[in-house]
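The values are calculated or read from the model by the stated rules, or taken from the named source; none is laboratory data. Nothing here was measured: the structure is a model prediction, and the numbers come from that model. Here the Cβ positions follow ideal geometry from the backbone for every residue, glycine too, while neighbour counts run over all protein chains shown. Just so you know, the surface numbers come from the protein's heavy atoms only, side chains and all, with ligands and any DNA or RNA stripped out. Shrake-Rupley method; radii C 1.70, N 1.55, O 1.52, S 1.80 Å.
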Amino acid sequence: MRKVRVAVVGLNRGSILAKFIIRHAKSLDLVAVADLDKKKADDFAREFKIPSVYYSLDEVLKSDVEAVVLATPIPDHAAHTIKALEAGKHVLCEVICATTIEDCQKIADAVKKSGKKYMMEENYCYYRPLTIVDNMIKDGLMGDVYYAESDYLMDFQMRPLFPHLGTWRDDVYFGRRGHPYITHTLGPLCYLMGSDIKRVSCLGAGKYGDLVADRTCVLLLETNNGGLIRLRNSFVGTRPDLYTYYQLQGTKGCYKGSVGATDTHKMHIRGLCEPQEWKDVYDFRGFLPKTWKIFPENFFDDTKDNGTEKYDSGTSLLLEEFAKCIINDTEPPVSAKRALNWTAAGILSEKSINNGGVPVEIPDFGL
């Protein structure tokens, strides 16, 4: 069976992705890993018997790998993506694509020029409850989905060194207004609604010390097919974390995700539920895609998903689909066009909030 020879670059987040490849991704062959920390790279390669180990992206790009998984810091994503595409490698890049609109356009140009596949590693699109909802939407059970919402709420006040962590998060999370780290909330909703973003509006509230970012901000986004999405983001909120909450409203029913440890994922489908009845999403497990058979039986305990634990649950499926789009020469599910649209909506939320919430159009990057 044809396998894509792949290297994972960056072994903080990348070590998790590498293990998913090793354990579950049947169409990827992990032949190399790379990290600036030589000991980390050597130790990982030795433990998991990886044939080749490198200490820079440049070294990887000189090798015979077909594709790279870029799990490097966010400020490096654009430059690393462009360099890899120019070297003739397919790219799976961690979120977000870039931090400026100019770099978004450069990535689009590099994708077109190289002819290689670019996919963003938006794992929340593969969150297990959402894959059930996706198939229910495709079967028409929810009707036309016209509204959706999501929250991404984390309390960094509880972390060591806050408010100045000394990492890329200082700038991406706290050094800008708006919601630049947007794709975990926006991506799955666009994916399920079948439409990308036309314009974004953003307002914020609350200040913390000398941080530029507001304590919280709320975005309203119009989709190209007339839908509406509401997002809330906060990294400085005195509350339990919540970063896998989604809700979708259709003309025939709705889905509402878990909001904490005592909650469940719920569905209401008119005709399958009583007028005021919610059913557990796993009552509809027959809509779980067959691709989930990649995991052993009893791999998941549905009763313990409290809305924060299993955001990586479908990452193996994402990795497999990245390989398949290379092998079959098809469009990646989270393509450059989609990824850049979602990323740009987050970047431009800063422009909106700095101008009193005025709507900002999302550019077409020519893909």
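What pairs can you find where one residue is in region 265-280 and among the small types (Gly, Ala, Ser), the other is assigned to a strand (DSSP E or B) and surrounded by 11 or more Cβ atoms within 10 Å (Cβ to Cβ), and their Cβ atoms are less than 9 Å apart, with a gap of 6+ or different chains?
Taking only residues 6 or more apart or on different chains, the pairs are GLY271/GLY253.
This table checks each residue for (1) more than 10 Å from GLU149 (Cα to Cα); (2) under 19 Å from the mean Cα position of the chain (by Cα).
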| site | (1), (2) |
| --- | --- |
| LEU211 | yes, no |
| ASP214 | yes, no |
| ASN224 | yes, no |
| SER234 | yes, yes |
| TYR246 | no, yes |
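Might you check whether a residue that is touching a Leu at 6+ places or on another chain (Cβ under 8 Å), of a type in the set (D, E, K, R) and either buried (at least 17 other Cβ atoms within 10 Å of the Cβ) or closer than 30 Å to LYS256 by Cβ (or both) occurs anywhere in region 101-115?
Here is the first cut: in region 101-115, the residues touching a Leu at 6+ places or on another chain (Cβ under 8 Å) are 101, 104, 107-108, 110-114.
Checking which are of a type in the set (D, E, K, R) leaves us with 112-113.
Now narrow it down to the ones that are either buried (at least 17 other Cβ atoms within 10 Å of the Cβ) or closer than 30 Å to LYS256 by Cβ (or both): none.
Checking region 101-115: not a single residue is touching a Leu at 6+ places or on another chain (Cβ under 8 Å), of a type in the set (D, E, K, R) and either buried (at least 17 other Cβ atoms within 10 Å of the Cβ) or closer than 30 Å to LYS256 by Cβ (or both).
Here is a yes/no grid of residues against (1) closer than 23 Å to HIS184 by Cβ; (2) β-branched (Val, Ile, Thr):
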{"site": "LEU36", "(1), (2)": "no, no"}
{"site": "LYS40", "(1), (2)": "no, no"}
{"site": "GLU47", "(1), (2)": "no, no"}
{"site": "VAL69", "(1), (2)": "yes, yes"}
{"site": "HIS77", "(1), (2)": "yes, no"}
{"site": "VAL91", "(1), (2)": "yes, yes"}
{"site": "ASP103", "(1), (2)": "yes, no"}
{"site": "GLY115", "(1), (2)": "no, no"}
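Kindly provide the set of residues from region 144-177 that are touching a strand residue (DSSP E or B) at 6+ places or on another chain (Cβ under 7 Å) and not in a strand (DSSP E or B), ordered by number.
ASP144, MET154, PHE156, GLN157, ARG177
I'd like the full set of residues that are surrounded by fewer than 20 Cβ atoms within 10 Å (Cβ to Cβ) and in contact with a strand residue (DSSP E or B) (Cβ under 9 Å, 6 or more places away or on another chain), limited to region 355-367.
Across region 355-367, the qualifying residues are GLY356, GLY357, VAL358, PRO359, GLU361, LEU367.
Going by what's in this entry, would ASP42 be described as without any contact (Cβ under 8 Å) to a residue 24 or more places away in the chain and under 25 Å from ASP109 (Cα atoms)? Before you say what the answer is, go through the steps one by one.
Working: without any contact (Cβ under 8 Å) to a residue 24 or more places away in the chain: yes; under 25 Å from ASP109 (Cα atoms): no.
In short, no.
Scan region 99-114 and give yes if some residue there is touching a residue at least 40 places away in the same chain (Cβ under 8 Å), more than 15 Å from THR343 (Cβ to Cβ) and in contact with a Lys or Arg (Cβ under 7 Å, 6 or more places away or on another chain), otherwise no.
No, region 99-114 contains no residue that is touching a residue at least 40 places away in the same chain (Cβ under 8 Å), more than 15 Å from THR343 (Cβ to Cβ) and in contact with a Lys or Arg (Cβ under 7 Å, 6 or more places away or on another chain).
What is the one condition in (1) modelled with pLDDT under 95; (2) open to solvent by 10 Å² or more (accessible area, probe 1.4 Å) that THR244 does not satisfy?
(2)
Residue-wise test of (1) farther than 24 Å from MET142 by Cα; (2) not in a strand (DSSP E or B).
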{"site": "ARG239", "(1), (2)": "yes, yes"}
{"site": "TYR243", "(1), (2)": "no, no"}
{"site": "GLN249", "(1), (2)": "no, no"}
{"site": "SER258", "(1), (2)": "no, yes"}
{"site": "THR264", "(1), (2)": "no, yes"}
{"site": "ILE269", "(1), (2)": "no, no"}
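Mind checking which residues of region 8-22 are surrounded by fewer than 16 Cβ atoms within 10 Å (Cβ to Cβ) and under 21 Å from PHE299 (Cβ atoms)?
Across region 8-22, the qualifying residues are ILE16, ILE22.
Restricting attention to region 50-98, which residues are open to solvent by 10 Å² or more (accessible area, probe 1.4 Å) and touching a residue at least 60 places away in the same chain (Cβ under 8 Å)?
Within region 50-98, the subset open to solvent by 10 Å² or more (accessible area, probe 1.4 Å) is 50-59, 61-64, 66, 71-73, 75-76, 79-80, 82-83, 86-90, 94.
Within region 50-98, GLU66, ALA71, THR72, PRO73, PRO75, HIS80, HIS90, GLU94 qualify.
Among the residues of region 23-43, which ones are of a type outside the set (D, E, K, R), open to solvent by 10 Å² or more (accessible area, probe 1.4 Å) and either under 21 Å from ILE74 (Cα atoms) or at pLDDT below 95 (or both)?
Listed by number, the residues that qualify are HIS24, LEU36.
Can you say whether ASP283 is farther than 30 Å from THR343 by Cα and without any contact (Cβ under 8 Å) to a residue 12 or more places away in the chain, as far as the supplied structure shows?
Working: farther than 30 Å from THR343 by Cα: yes; without any contact (Cβ under 8 Å) to a residue 12 or more places away in the chain: no.
So ASP283 fails the test.
Please work out which one of (1) acidic (Asp, Glu); (2) over 23 Å from the mean Cα position of the chain (by Cα); (3) under 27 Å from VAL95 (Cα atoms) is the condition GLU274 fails and give its number.
(3)
Say we look at region 207-234 and pick out the residues that are in contact with a Lys or Arg (Cβ under 8 Å, 6 or more places away or on another chain) and assigned to a loop (DSSP other than H, G, I, E, B); which of these is surrounded by the most Cβ atoms within 10 Å (Cβ to Cβ)? Don't jump to the end; show me each part of the working.
Quick first cut of region 207-234, residues in contact with a Lys or Arg (Cβ under 8 Å, 6 or more places away or on another chain) only: 207-208, 212-224, 234.
Now restrict to residues that are assigned to a loop (DSSP other than H, G, I, E, B): 207-208, 212-215, 224.
Working: LYS207: 12, TYR208: 17, VAL212: 13, ALA213: 26, ASP214: 22, ARG215: 15, ASN224: 15.
If we take residues in region 207-234 being in contact with a Lys or Arg (Cβ under 8 Å, 6 or more places away or on another chain) and assigned to a loop (DSSP other than H, G, I, E, B), then ALA213 is surrounded by the most Cβ atoms within 10 Å (Cβ to Cβ).
Conditions tested, residue by residue: (1) of a type in the set (D, E, K, R); (2) at pLDDT below 90.
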position	(1), (2)
HIS268	no, no
GLY271	no, no
GLU277	yes, no
TRP292	no, yes
PHE295	no, yes
ASP302	yes, yes
LYS310	yes, yes
